[in-house]
Each structure stands twice: as C-alpha cells, then as structure tokens.
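A quick write-up on the structure given underneath.
The values are calculated or read from the model by the stated rules, or taken from the named source; none is laboratory data. Remember, predicted model here, so these are calculated numbers, not experimental data. Cβ: placed from backbone, ideal geometry, glycine included. Neighbour counts: every protein chain shown.
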Amino acid sequence: MSHEHGHHKETFITKYIFSIDHKMIAKQYLITGLLMGIVGVVLSLFFRMQIAWPEESFEIFKIFLGENFAPGGVMRNDIYLALVTIHGTIMVFFVLTAGLSGTFSNLLIPLQIGARDMASGFMNMLSYWMFFISCIIMLCSLFVETGPASAGWTIYPPLSALPQAIPGSGLGMTLWLISMAIFIASSLMGSLNYIVTVINLRTKGMSMTRLPLTIWAFFVTAIIGVVSFPVLFSAALLLIFDRSFGTSFFLSDIFISGEVLHYQGGSPVLFEHLFWFLGHPEVYIVLLPALGITSEIIATNSRKPIFGYRAMIASIIAIAFLSTIVWGHHMFISGMNPFLGSVFTFTTLLIAIPSAVKAFNYITTLWKGNLQLNPAMLFSIGLVSTFITGGLTGIILGDSTLDINVHDTYFVIAHFHLVMGISALYGFFAGVYHWFPRMFGRMMNKNLGYVHFWVTAVCAYGVFFPMHFIGMAGLPRRYYSNTAFPLFDELANVNVLITIFAIVGATFQIVFFWNFFYSIFKGKKSPMNPWKSNTLEWTAPVEHIHGNWPGEIPEVHRWPYDYSKPGHDEDFVPQTVPMQPGEEELHH
Amino acid sequence: MTSLLVFIVLVLIGVAVWQLTKIFDLTQVGEAKDNSEVANDKDNSVNGYLMFGFLGFIYIFTIYSLVAWGEFVLGTPASEHGKDVDNLMEISLVLIFFVQTITQFLLHYFAFKYKGKKGQKALYFADNNKLEAIWTIIPVIVLAVLILYGLYTWNQIMYYDDEEDVMYVEIYAKQFGWEVRYAGEDNTLGKANVRYIEGINTLGVDMEDPNAQDDKVATELHLPKGKKVVFKIRSQDVLHSAYMPHFRAQMNAVPGMVTQFAFVPTVTTAEMRQNEKIVAKVDKINKIRANKSKTLIAEGKEALDPYTFDYLLLCNKICGRSHYNMQMKVVVDTPEDFNKWLSEKPTFSSAWKEANAPAPVVEEKKEEVVVADTTKVIAQVIK
C-alpha cells in the first residue's frame with residue numbers, strides 16, 4: 001500500500017479526471033450514468049408519444065430528431081425502432097449495469113471491507129475511461145445519417161446483420177457493436193477488480209460472514225459478469241465477422257431485396273443462445289446490486305438486523321447460479337427443441353424460490369422495526385413492492401406453455417420493466433440518497449426526496465401496470481403504430497394514459513436532478529454518520545482522502561447488522577466496536 | 001404556440017413541486033425546527049400514512065384495471081389446446097393475484113405500522129429457521145405443481161403423433177407479408193429453398209420435386225375446423241414470428257430452417273362472430289372507429305371502414321420498418337367449405353406452367369417491378 005499516509009499532492013487532472021481513487025471513479029460513474037439515463041428516458045418519451053398519438057407531427061420531434069428522422073415532425077417508422085433499441089441498450093447496459101454497479105461497487109467495496117483502495121487503481125481508472133468512450137460512441141451513433149442500430153437491444157441477426165433489411169443495420173449497427181465491445185472490456189476490468197478486492201483486501205476481522213450484504217451482492221454480480229459478458233463479446237465478434245467478412249455464423253439461405261445472398265449454414269438461433277447466455281444473467285447483474293443496496297438500507301433504517309442474513313447470502317448465490325442456466329426461457333418459441341423448453345421452464349421457475357425468500361425476508365425485517373422513513377428507505381420499500389409485482393408475472397412468462405401467447409407482447413414489457421427496470425432504478429436512487437453524504441460530504445434535501453419518490457412510485461405503476469392488460473389482449477411490442485389492426489383500436493386510450501403517466505413521471509425526475517446537483521454544492525454539511533449505520537464506510541472522515549482512513553484501517557469485531565441489540569445503549573453497534581465480555585454473535 | 005405551452009407546463013410543474021415540498025415542510029410546524037436532512041418523527045408519520053395510502057392506490061388501480069380493461073383479454077380460445085393454456089393462465093393469474101394482494105399488504109402495512117418514533121426500540125430478531133423453512137417450502141410446493149402442469153401441457157402442445165391424421169401447411173414469411181402453401185393431395189410439401197425463387201415462384205419451391213406438383217399457394221390462411229394442422233414455418237430474409245393470438249399459437253420463422261407448430265382449430269370464423277363477447281367487442285370497436293371517422297371526415301380525410309371480426313396472423317418479432325403492419329387474415333371454415341375453397345385453387349405446377357407459357361411476361365414483369373422498387377427504396381434510404 002503506497003498511499004498509507006493519506007494525502008499526497010494531486011493535480012487537477014489526477015484528482016478529477018484520470019483519478020485512480022475509487023471514490024472519485026465512483027462519482028465519475030454516477031454522473032456519467034445519470035446523464036446517460038436522461039438520454040435513455042427522453043428517447044423512451046419520444047417513442048411513447050408516437051404510440052399514443054400515432055403518426056402525429058410534433059414540434060419537439062422537429063427539434064430533436066430533425067428533418068431526416070422525423071420528416072415534418074412525424075417520426076419515421078424505422079427511427080421508432082431505433083429509439084426503442086437505443087433506449088433499451090442505454091438503460092440496461094449504460095445506466096443499470098455500469099451506472100449502478102460502477103458507482104456503488106467502486107464506492108462501497110473498499111470502504112465497507114476496510115481497504116485503502118481497489119486492488120488495481122489503474123485498471124479501475126481504465127475501466128471508467130473505456131466505459132466513457134463506449135458511451136461517446138453509442139451517443140455518436142444517434143447522429144448517423146442512416147440512423148442508429150434498429151434491430152432491438154437484442155440485435156438478433158439477420159435483421160442486425162443486413163443493411164438491406166433496415167437502414168439502422170449499416171453504420172449505426174457497426175458503432176453499436178464497437179461501443180458494446182469496449183463496454184464489455186470495461187465491465188470485465190471492473191468486475192475482476194471487484195472480485196480480487198473482496199477476496200484479498202478485507203480488513204482484520206472482516207470474515208466473509210461479516211460482510212455487509214451489499215458487498216456480497218456486488219461480489220456475486222461481478223462473478224456473473226465475468227462468466228457471462230465474454231459470451232456476449234464472442235457473439236458480437238462473430239456478428240462483426242458475418243457483417244464485414246462474409247462468414248456465415250448466424251446467417252443462412254437469405255433472399256432479400258431481389259437477390260439471394262451467399263450465406264449458408266449459419267443459424268440465428270445460435271446467436272440467440274449466445275446473446276441470452278449473457279442476456280439473462282444480465283438481468284441479475286442489474287438487479288442483485290440493487291437488492292444488496294436495499295438490504296443494507298432496509299436494515300439500517302428499520303433499526304433491525306436484516307432478517308435471515310445467511311439465507312440472504314444463500315439466495316444471492318442460488319439466484320446467481322440459476323441465472324446462468326435459464327437463458328432459454330427467452331427462446332421457447334425460437335424454434336429450438338421443445339425438450340429444451342421443458343428444461344428451461346423447470347430451471348426458470350426454480351428462481352422464484354430464492355426470490356420469494358428474499359422478498360419475505362425484507363418484509364420480516366420491517367416487522368416490529370423502528371422505521372426511519374428517509375427517502376432512501378422509501379425507495380427501498382418501493383423496490384420490494386415492484387420486485388414482487390413484476391416478479392410474480394415471471395411465473396407466467398417462465399412457463400413455456402403460457403409464454404406462447406404472451407411472448408413479445410406488452411405483457412413482457414410490463415414484467416421486466418417492473419422487476420428489473422424500475423426495481424433496479426429504485427435501488428439506484430436509494431443508493432444515491434443513502435450514500436450521497438459519503439460521496440459529497442453533504443446531505444440531499446429530504447422533502448424533495450419525498451416528492452420525488454411518491455410521484456415516481458405512482459407513475460411507475462401507472463405506466464407499467466396497464467401494460468399487462470394490453471399485453472394479454474395480444475398487442476405485440478415494438479409496433480410503430482397499432483392502427484393497422486382494428487382489433488387494437490380499443491387499446492388506444494390505455495396507450496394514451498400510459499404515455500401521460502410516463503411524461504409526468506419523467507418530468508418529476510427533474511426534482512431529483514435539481515436536488516442532486518444543488519446539494520453537491522449547497523447541501524447541508526453532513527455529519528460523519530448521518531444514518532447511524534454500523535458499516536465501516538461511516539467511520540472514515542467526511543473529507544475525502546486518498547487511502548480512506550487517516551490512520552490505521554479499523555478492525556472489525558462483529559457483523560454489520562447489530563441494530564437495536566439488547567445490552568447496548570444505542571440502537572446501533574458499529575462493526576468496529578469490540579464484543580463485550582459474554583456477548584454472543586446472535587445471528588450464528 | 002407549442003413553446004408557450006411547454007413553458008406553461010414547466011412553470012406549472014415547478015409550482016407543483018414547490019407546493020408539494022411546502023406540504024412536507026408544513027408538517028414540521030410546531031416541531032423545533034431541526035436542520036438535519038434525516039427523517040424525524042413527523043416525516044416518519046407522514047410517509048407511514050402515505051405508505052398505507054399507496055397500498056390503497058395499488059388495490060384501487062388493480063380493481064379499476066380489472067373492471068375497465070379485463071375485457072381486452074382475448075376471450076374464447078379458438079383451438080383445442082387453447083383451453084388448456086387459458087386454464088393454466090387462469091390458475092397462475094389467481095395465484096399471482098392472491099400473493100400480490102397479501103405481500104403488498106404486509107409490506108405497506110408494516111411500513112405504516114412500525115413507522116419510527118423517538119425512544120422506540122426495534123426488536124432484535126435476526127433469524128428463525130422455522131419461518132425460513134416455511135417460506136422456502138411453500139413456494140417449492142406451489143411451483144412444483146405449476147411446473148408439472150405446465151410441462152404436461154407443453155408436451156401436449158409441442159409434440160404430435162406422426163401417425164395422427166394431420167394436414168401440413170407451410171407458413172412463409174418475408175418483409176413484410178405472409179404466404180401459405182398447402183401440401184395438396186399427397187399431403188407432403190415439396191422441397192423448397194430461397195435459391196429457387198424465380199418469377200411467381202416466390203416461395204422458392206423446387207419445381208423438380210414430384211411432391212411439389214400438387215402444392216397450392218395462397219395469401220389467406222384457411223383452415224378446416226376440427227382437423228389437426230401442422231404448420232411448417234419458413235422465412236426468406238430475417239426473423240419473423242407467426243403469432244395467432246386467438247389460437248394461442250406462436251412460433252418464430254427463422255431463415256435457414258423450418259420451424260413447426262401444430263393445433264386443432266375448433267371454432268369457425270362464422271361461429272366466432274356470433275360469440276357474445278366478440279359481438280360486444282366488435283360493437284365497442286366500431287363505436288370508437290365511428291367517432292374517429294367523424295374527426296377524419298371533418299379534416300377532409302377518408303372515414304375508417306367498419307370492423308368485422310377475423311382471426312389474424314401477425315408478425316411478433318421485430319423484422320424491419322413495416323413490422324407493425326405485417327399481417328394475414330386467417331379463416332376457419334367447416335371442412336366442406338374448406339375443401340371447396342381449396343379445390344378451387346390451382347395447383348402450383350399448373351400456375352407455374354401457365355405463368356411460363358404463352359404470356360408469362362406480364363406476370364414476370366410485375367414481379368420484377370416490385371422487386372426493383374423495394375431495392376430502389378432501400379438503396380435510397382441507405383444513401
């Protein structure tokens with residue numbers, strides 16, 4: 001450890017730009033993620049407006065999409081698909097993977113395990129800057145004349161491979177693939193760093209069973225990432241080969257725009273397998289950190305130990321393991337052998353068990369607590385609520401028989417937005433409200449936080465709950481307009497309602513952004529441990545120093561959840577407090 | 001004008017936020033003004049009640065949705081296996097509804113009931129193996145039942161007996177339309193590959209194959225009631241998905257391979273049009289369309305056609321710019337009507353001979369023009 005003695009001279013560039021300090025990198029991830037989030041959400045509002053008021057002309061489209069993408073203010077039909085694609089890509093990868101994991105893994109792993117920094121600060125810096133470059137490339141693809149990638153965020157070939165099939169599969173798709181390849185490299189460097197740090201740099205006394213659940217979640221998430229992201233990388237690479245070098249990994253027997261192409265022997269189903277081998281674990285890469293954050297926040301604000309600490313760890317590991325063997329439930333009707341469908345139905349529905357355990361444990365943690373309803377706590381409770389609502393419909397989608405009729409309808413949109421989109425976003429917000437004092441030494445305004453939560457909570461239900469019904473009515477997703485089918489005319493009003501909820505909900509995020517940026521500079525000064533939490537990060541001084549603790553790294557004597565433990569005066573006992581004579585570690 | 005509206009909306013939102021924070025501020029009146037941004041007793045109390053209110057919101061919204069939108073759901077299945085699917089769906093939905101109601105109640109009620117107060121101490125309750133076991137085992141049992149029932153139905157749907165008396169129909173997908181091919185007298189579809197595509201042979205049927213001679217091609221999918229139909233599904237360009245929601249049937253169309261789905265249609269189109277729920281649905285849709293037509297006519301545009309019920313095959317896998325309008329009418333007839341309809345269709349080989357004999361030029365030209373056109377359009381777009 002070369003930085004043991006605290007501060008050394010840092011220039012502006014080494015401190016704020018090419019920083020190797022995990023706290024600064026966390027902030028860089030956070031702010032980049034939030035800005036990408038704005039782009040992702042605005043795109044979704046654009047295509048929601050198109051669905052609600054099909055083929056109408058909007059001033060705002062003229063300004064933001066321009067004459068090329070929206071001639072006369074009417075969105076082009078392939079641009080609609082492009083917006084859907086980029087919205088999905090940005091939200092899943094750039095906001096909820098890099099933004100969420102990047103921020104909180106970086107911030108909390110060293111601070112909560114008692115380390116001076118990540119195992120490799122340099123690799124950590126490289127990880128952020130590669131992420132940054134991939135963001136820039138992805139954003140650049142929005143300005144390509146033929147439009148950005150338009151084959152859906154799952155980029156299934158042949159649609160994504162052939163510019164003849166959709167204009168977005170030209171330069172736009174090339175940029176998408178390059179951006180994602182760099183993103184994956186960035187993500188892998190981050191994940192390897194997290195794993196090595198958690199295994200090697202825990203402070204004295206910090207055994208694995210004394211780790212906060214946040215760290216367990218980040219740790220396991222990083223492992224899933226290392227296992228599955230390379231597979232997506234290979235899929236992207238093979239797709240690049242098919243697109244540019246004439247190979248036939250995913251393409252075969254294609255006749256398009258009047259000619260037969262030379263491809264022979266490949267299979268799009270192979271791509272689906274490779275994609276979803278990452279794609280499904282990706283859901284948990286997004287969700288597990290949010291659940292980890294929630295575990296920590298619910299315990300702290302309930303002033304109670306998290307219920308079933310070991311069961312929580314077991315369920316994180318079970319979910320992680322199962323998540324790598326369920327990818328086929330995205331492919332029940334892809335044309336793969338129905339026997340595989342049976343296998344994947346079985347493994348998929350098994351995931352409901354650890355998920356149910358988690359939900360019940362959260363609820364039990366609230367029981368007989370002394371709940372401090374801070375904004376972070378509200379978002380955590382909100383997460384449990386949407387996790388249940390969204391997770392339950394997984395029983396339908398994971399069942400091959402039922403999936404036949406709701407596959408790729410709005411029912412799916414409702415399910416995954418609630419269970420991973422909104423839930424993970426709530427985890428993100430909860431984490432920001434909770435650890436803001438740790439990051440910036442100041443507090444966010446709680447009243448603005450309350451307004452932010454309640455409006456968001458109502459709007460999130462308002463947007464996604466009705467989608468179950470239009471999905472069960474058979475309305476497919478990714479339709480530019482539903483007017484081609486008189487059958488769907490009766491759903492038009494619901495779509496308008498959804499869009500209104502979406503616009504209101506998105507607009508109120510301004511409250512959050514205002515609160516966030518204002519509080520960085522003008523928020524109230526934070527005390528050292530504002531939430532009276534047990535974990536180690538609150539024992540470090542408010543002012544950031546490279547190396548985290550000015551003197552020795554604190555030693556850990558107990559698990560992080562001794563809240564309201566009998567025999568102690570305060571309702572929290574930090575991990576650094578030695579066990580009293582005769583005191584038992586009750587959770588064992 | 002629009003910018004003015006946007007401005008007004010932004011101002012109103014600003015006012016709304018300001019007012020809402022005021023409300024939270026006002027709840028602090030009477031308290032010693034504390035300056036921390038940590039929740040105090042008043043915050044806990046207000047948000048605790050709001051939690052309870054939110055539970056009410058979820059319940060009321062759910063009930064409203066069921067009443068207002070419950071009828072959107074597709075209604076009577078038109079295929080044999082559709083009943084099993086709907087049955088399983090109903091069981092799952094009831095289960096979900098039950099669990100959702102209870103867990104959301106517990107979650108929000110606890111958040112309300114145990115809202116924090118100064119001086120109150122939480123219960124130190126870290127573990128209980130019995131409870132853990134209960135909520136592990138209950139889901140295990142429930143899921144075991146669901147999995148078994150689901151897999152049983154899945155196997156019923158996806159596997160069929162070759163010995164069975166089935167009819168083979170090919171569904172052929174391309175950007176952005178569908179075609180169907182009937183196997184004809186021999187009930188065997190002729191070989192096909194996109195490399196054979198030429199002129200009116202848009203499906204790429206191998207004309208040398210004896211099995212192909214009696215195949216028949218159509219642009220509407222007609223099915224006989226009560227007969228098991230095995231669909232062989234192909235695509236010529238990108239992924240598509242043949243989705244027939246009323247039959248609870250869907251299978252992707254994958255270029256380079258033939259996928260398969262089978263079902264027995266049980267309700268003819270005519271019968272379905274008499275179905276009470278469908279009649280109500282059609283009436284409702286026609287009212288909506290009539291209203292829309294009024295505004296369209298006022299704008300000097302054409303009115304919408306009234307809607308009559310038909311089964312549909314629609315594309316349900318993102319496939320390009322006109323993905324949203326890639327559909328084909330499906331008609332279920334009585335076996336007699338179906339046989340009559342099919343027998344009036346010329347066989348593919350005779351259509352081919354006709355097209356390539358004396359005056360094939362017309363047909364071919366038509367085809368070419370279309371092809372050239374799409375190329376041009378796409379080329380322009382790419383440019």
Checklist outcome for this item: Per the filter on the range B:250-270, residues part of a strand (DSSP E or B), farther than 14 Å from B:Lys317 by Cα and more than 7 Å from every other protein chain (Cβ to nearest Cβ) are B:Gln260, B:Phe261, B:Ala262, B:Phe263, B:Pro265
Next on the checklist: So, in the range A:295-339, exactly how many residues are within 12 Å of another protein chain (Cβ to nearest Cβ), polar (S, T, N, Q) and within 19 Å of A:Leu371 (Cβ to Cβ)?
Outcome noted: 3
Checklist entry - Of all residues in the range A:432-455, how many are more than 7 Å from chain B (Cβ to nearest Cβ) and either surrounded by 24 or more Cβ atoms within 10 Å (Cβ to Cβ) or out of contact with any Gly (no Cβ under 6 Å at 6 or more places or on another chain) (or both)? => result 14
Checklist entry - Could you list, in sequence order, the residues of the range B:299-346 that are part of a helix (DSSP H, G or I) and away from chain A (no Cβ under 14 Å)? => result B:Pro335, B:Glu336, B:Asp337, B:Phe338, B:Asn339, B:Lys340, B:Trp341, B:Leu342, B:Ser343, B:Glu344
Checklist entry - Hey, A:Val226 hits all of (1) crowded, with 17+ Cβ neighbours inside 10 Å; (2) in contact with a helix residue (DSSP H, G or I) (Cβ under 9 Å, 6 or more places away or on another chain) but one; which does it fall short on? => result (1)
Checklist entry - Does A:Lys532 qualify as being within 14 Å of chain B (Cβ to nearest Cβ), within 31 Å of the chain's Cα centre (by Cα) and exposed (fewer than 12 other Cβ atoms within 10 Å of the Cβ)? => result no
Checklist outcome for this item: Those residues of the range B:96-130 which are in a helix (DSSP H, G or I) and facing chain A (nearest Cβ under 7 Å) amount to B:Ile96, B:Val99, B:Gln100, B:Thr103, B:Gln104, B:Leu106, B:Leu107, B:Phe110, B:Ala111
Item to check | Residue list for the range B:159-212, filter: in contact with a Leu (Cβ under 8 Å, 6 or more places away or on another chain) and basic (Lys, Arg) | outcome: B:Arg181
Checklist entry - Within the bounds of the range A:374-388, is there any residue that is touching a His at 6+ places or on another chain (Cβ under 9 Å) and in a loop (DSSP other than H, G, I, E, B)? => result yes
Checklist entry - Quick check: anything in the range A:91-114 assigned to a helix (DSSP H, G or I) and more than 26 Å from A:Pro437 (Cα to Cα)? => result yes
Checklist entry - Which of the following residues is touching a residue at least 12 places away in the same chain (Cβ under 8 Å), out of contact with any Ser or Thr (no Cβ under 8 Å at 6 or more places or on another chain) and more than 14 Å from chain B (Cβ to nearest Cβ): A:Leu211, A:Leu287? => result A:Leu211
Checklist entry - Which residue out of B:Glu208, B:Glu220, B:Glu185 is under 29 Å from A:Ala151 (Cα atoms), out of contact with any helix residue (DSSP H, G or I) (no Cβ under 7 Å at 6 or more places or on another chain) and among the acidic types (Asp, Glu)? => result B:Glu220
Checklist entry - Which one of A:Pro541, A:Pro550 is in contact with a His (Cβ under 9 Å, 6 or more places away or on another chain) and surrounded by fewer than 17 Cβ atoms within 10 Å (Cβ to Cβ)? => result A:Pro550
Checklist entry - Is there a residue in the range B:358-373 that is farther than 26 Å from A:Phe332 by Cα, modelled with pLDDT of 80 or more and surrounded by 15 or more Cβ atoms within 10 Å (Cβ to Cβ)? => result no
